[in-house]
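Engineer: I am attaching a structure below and will ask some questions about it afterwards.
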Amino acid sequence: MKNRLRVLRAERQWSQADLAQKLEVSRQSVNAIETGKFDPSLPLAFRLARLFETTIEAIFLEDEAHPSA
Amino acid sequence: MSLCKRNLTAFQRRSMQRVGGLLGACAALSFFPEIFQDPKHFSPATQWAMAILSTFPVIATMVVIARYLTGETDEYLRNLVVRSILWGLGLVMVADTFFGYLVEYHPNHLPVSVFNMDIFVVTGMIALRIQLWRNQ
């Protein structure tokens, strides 16, 4: 699943470590989510949305190759 | 909260120390009968007691890992640990199958099943390290 996490983070000039600290997860988690290697759970997605003051849909983009049925 | 920079939380450190300690206990119990005397000279009751005793570190390790997985708040790390456990279990099964055939032809061969726990933990740790390294 694609996401705009890197863009949103860059807009706020936060490092991966900064974001990880705010989310209380490891920096590897942030990196894995940003690079699309790991899709976060709904609670973590909501935390991200709250942190960036936006919606989950504005952060995570549905993969065009595998749209939901 | 990063396993690859030795910047562990107290909970992660405690869990790793416990698994390490249990691995040591398991290794010690594996060689215990060999150190004192030929295990065949033990009474049947002692043999049973030794066999039951040797399962304790394995059970305790599973409990420690289960408690770690329940308590780990970082879902990505939890995911990596589960994958590492699967690698560990997979290699144990491969080793057991391989050496199981060898034992058929070489009955005096060292029973590798005694080292299942060691293979499991070491493989799991290596798999975890590799996965963390791949996602620097």
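Engineer: It is to be established whether one or more residues within the stretch A:39-53 are of a type in the set (S, T, N, Q) and either part of a helix (DSSP H, G or I) or over 24 Å from B:Arg134 (Cα atoms) (or both).
Structural biologist: No, the stretch A:39-53 contains no residue that is of a type in the set (S, T, N, Q) and either part of a helix (DSSP H, G or I) or over 24 Å from B:Arg134 (Cα atoms) (or both).
Engineer: Scan the stretch B:19-30 and tell me whether some residue there is closer than 29 Å to A:Ser41 by Cβ, modelled with pLDDT of 85 or more and not acidic (Asp, Glu).
Structural biologist: Among the residues of the stretch B:19-30, at least one is closer than 29 Å to A:Ser41 by Cβ, modelled with pLDDT of 85 or more and not acidic (Asp, Glu), which makes the answer yes.
Engineer: While we're here: Go through B:Leu128, B:Leu80, B:Leu69, B:Leu132 for me and flag whichever is within 16 Å of B:Ser15 (Cβ to Cβ) and in contact with a strand residue (DSSP E or B) (Cβ under 9 Å, 6 or more places away or on another chain).
Structural biologist: The conditions single out B:Leu132.
Engineer: Please go through the stretch B:61-89 and give me each residue that is more than 14 Å from chain A (Cβ to nearest Cβ) and touching a residue at least 40 places away in the same chain (Cβ under 8 Å), ordered by number.
Structural biologist: Listed by number, the residues that qualify are B:Thr61, B:Val64, B:Ile65, B:Arg67, B:Tyr68, B:Trp87.
Engineer: Follow-up. If you check every pair at least six apart or on different chains, which have Cβ atoms under 6 Å apart with a residue in the stretch A:47-69 that is aromatic (Phe, Trp, Tyr) and at pLDDT 80 or above first and a residue that is surrounded by 10 or more Cβ atoms within 10 Å (Cβ to Cβ) and in a strand (DSSP E or B) second?
Structural biologist: Correct list of pairs: A:Phe60/A:Asn3.
Engineer: If you go through the stretch A:7-37, how many residues are outside any helix (DSSP H, G or I), surrounded by fewer than 18 Cβ atoms within 10 Å (Cβ to Cβ), within 13 Å of chain B (Cβ to nearest Cβ) and without any contact (Cβ under 8 Å) to a residue 24 or more places away in the chain?
Structural biologist: Going through the stretch A:7-37 one residue at a time, the tally reaches 3.
The values are calculated or read from the model by the stated rules, or taken from the named source; none is laboratory data. Please read all numbers here as calculations on a predicted model, not as lab measurements. Don't worry about glycine lacking a Cβ; one is built from the backbone with ideal geometry, like all the others, and counts go over all protein chains shown.
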